[in-house]
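Structure first, then comments.
The values are calculated or read from the model by the stated rules, or taken from the named source; none is laboratory data. These numbers come from a predicted model, not from an experiment. Here the Cβ is made from the backbone with ideal geometry for all residues, glycine too, and neighbour counts use every protein chain on show. All accessible areas refer to the heavy atoms of the entire protein, side chains included, with ligands and DNA or RNA removed. Shrake-Rupley method; radii C 1.70, N 1.55, O 1.52, S 1.80 Å.
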Amino acid sequence: MADPSRRLAPVVRLAPAKLNLTLAVLGRRADGFHDLHSVMVPLALADRLSVARASSPGDTLRVEGLDAGPVADNLVLRAIALTRDAVGRAADAFALAARLEKRIPVAAGLAGGSSDAAAAIDAALEAWGLLDPGRSPDPELAALRHRVASRAGSDVPFFLAGGPALVEGRGERVTSLAPVRGAPPGVLLVTPAIASPTGAVFAASDAGGQAAPADPRSTRLSSEHLAAELRAGLDATSLVARAGVLASANDLAPAAASVVDGLTAFRRALVRQLGRPVGVSGSGPTLWVLYPSAAAADAAAADVRRGIDDGALVAPGQAPPSIIATTLAGSVPTEPGNEPTGHATEGRS
């Protein structure tokens, strides 16, 4: 049980973006979801969530930064409500006032909303005196967190792992993997200013044709191999060296390209401009590139910005793309004041 006196102070949590280094779609389930085999990693790019006791009877949410859509539909409020239901009479689950600083591009394949939900679950539990941020939760509380996360959304359980993980099922089975050794690799994220709805991408993939996975057996093998390497201990240099294989290990990439007109041409243009493999994160439209360092990713971001400005690179959408240089995060930070957020260098971020 956490110290009840801590509940008087605001609780602050960081909600990192995620990157799918691999994403194998194993098939559609009877419940309409899809079984997956995906190696996911958190990034230094993160939203920031703070919660405190509300002065009003109900939960409230204020969003700053990027437009995250209607507040009433935000997963933060849903996660707090689900957590309160799960807690029941175990604590004084008073109303919370939440403030979200939105830095992760929305509907971009980076699971920012799901990460916000996971942060909200733990922030609520801490505010209500059930979770001590300095200690691991007991088995009963850990099971409660997982149940709530699974109800909140398919990607939410991953963010409770606090680091790289193998994600299976529809997202509810999460196996922690060892962090990448050494200085964290740099990551360039380029997100066209156009949404790529997850449901539409999965539907396109199910429909087959050109949107079907190009080589699902190869993707599954690549995903299994990367998971095994991370379990055994993989250094940053070796991970970056595998970028070519990983950039091809996303079964949803063809479907995302069918949903977002111009995504394939833009991806190919980035390959020519940067001379490096370019992958698709999740259901897109975010494109990613691995680099040996944060500095190299920063330089690449400037290169892409110049290409956009001079017309050499033409991104889908009616506005310039978001261009962010960040790094992999070995673990999820929880203390305010030491928050790597990535560097937004263009467009919506």
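Inside region 196-215, residues that are in contact with a His (Cβ under 9 Å, 6 or more places away or on another chain) and either open to solvent by less than 40 Å² (accessible area, probe 1.4 Å) or under 21 Å from L290 (Cα atoms) (or both) make up a count of 2.
Restricting attention to region 285-309, the residues being out of contact with any strand residue (DSSP E or B) (no Cβ under 8 Å at 6 or more places or on another chain) and either in contact (Cβ under 8 Å) with a residue 40 or more places away in the chain or among the hydroxyl-bearing types (S, T, Y) (or both) number 1. Which condition number does A228 fail, the rest of (1) touching a Leu at 6+ places or on another chain (Cβ under 9 Å); (2) closer than 16 Å to V180 by Cα being met? A228 satisfies all of (1) touching a Leu at 6+ places or on another chain (Cβ under 9 Å); (2) closer than 16 Å to V180 by Cα except (1).
For H34, the conditions (1) more than 30 Å from G244 (Cβ to Cβ); (2) in contact (Cβ under 8 Å) with a residue 24 or more places away in the chain all hold with the exception of (1). Looking only at region 216-238, residues that are more than 27 Å from P254 (Cβ to Cβ) and either touching a Gly at 6+ places or on another chain (Cβ under 8 Å) or open to solvent by less than 50 Å² (accessible area, probe 1.4 Å) (or both) come to 6 in all. When region 60-76 is filtered for residues that are surrounded by fewer than 20 Cβ atoms within 10 Å (Cβ to Cβ), at pLDDT 95 or above and of a type outside the set (V, I, T), the ones remaining, listed by number, are R62, E64, G65.
Okay, residues lined up against (1) closer than 30 Å to A227 by Cα; (2) under 21 Å from the mean Cα position of the chain (by Cα):
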| residue | (1), (2) |
| --- | --- |
| P16 | yes, yes |
| A24 | yes, yes |
| G32 | yes, no |
| H37 | yes, yes |
| A52 | no, no |
| R78 | no, yes |
| G112 | yes, yes |
| A119 | yes, yes |
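If the condition is being open to solvent by 40 Å² or more (accessible area, probe 1.4 Å) and touching a residue at least 40 places away in the same chain (Cβ under 8 Å), then region 116-141 contributes D132, P133.
Only one residue in V304, V314 is open to solvent by 40 Å² or more (accessible area, probe 1.4 Å) and hydrophobic (A, V, I, L, M, F, W, C), so which one is that? Give the steps one after another, and end with the answer.
On the way: V304 fails: open to solvent by 40 Å² or more (accessible area, probe 1.4 Å).
Just one listed residue meets the conditions, V314.
Of all residues in region 78-113, those being modelled with pLDDT of 95 or more, open to solvent by 20 Å² or more (accessible area, probe 1.4 Å) and not aliphatic (A, V, I, L, M) number 7. Screening A46 with (1) crowded, with 22+ Cβ neighbours inside 10 Å; (2) touching a Ser or Thr at 6+ places or on another chain (Cβ under 8 Å); (3) under 18 Å from L125 (Cα atoms) gives one miss only, at (3).
Could you list all residues from region 272-295 that are farther than 20 Å from A17 by Cα and under 23 Å from the mean Cα position of the chain (by Cα)? Please lay out each step first, then the result.
Taking region 272-295 and keeping what is farther than 20 Å from A17 by Cα, we get 272-277.
Correct list: R276, P277.
How many residues, within region 52-69, are among the basic types (K, R) and in contact with a Phe, Trp or Tyr (Cβ under 8 Å, 6 or more places away or on another chain)? Even if it seems obvious, please write down each step before you answer.
First, the residues of region 52-69 that are among the basic types (K, R): 53, 62.
Those left that are additionally in contact with a Phe, Trp or Tyr (Cβ under 8 Å, 6 or more places away or on another chain): 53.
Final tally of qualifying residues: 1.
Determine whether region 153-166 contains at least one residue that is among the hydrophobic types (A, V, I, L, M, F, W, C) and surrounded by fewer than 23 Cβ atoms within 10 Å (Cβ to Cβ). Yes - at least one qualifying residue is present in region 153-166.
Selection within region 242-280: residues that are among the charged types (D, E, K, R) and buried (at least 17 other Cβ atoms within 10 Å of the Cβ). The member of this set that is nearest to I194 (Cα to Cα) is R267.
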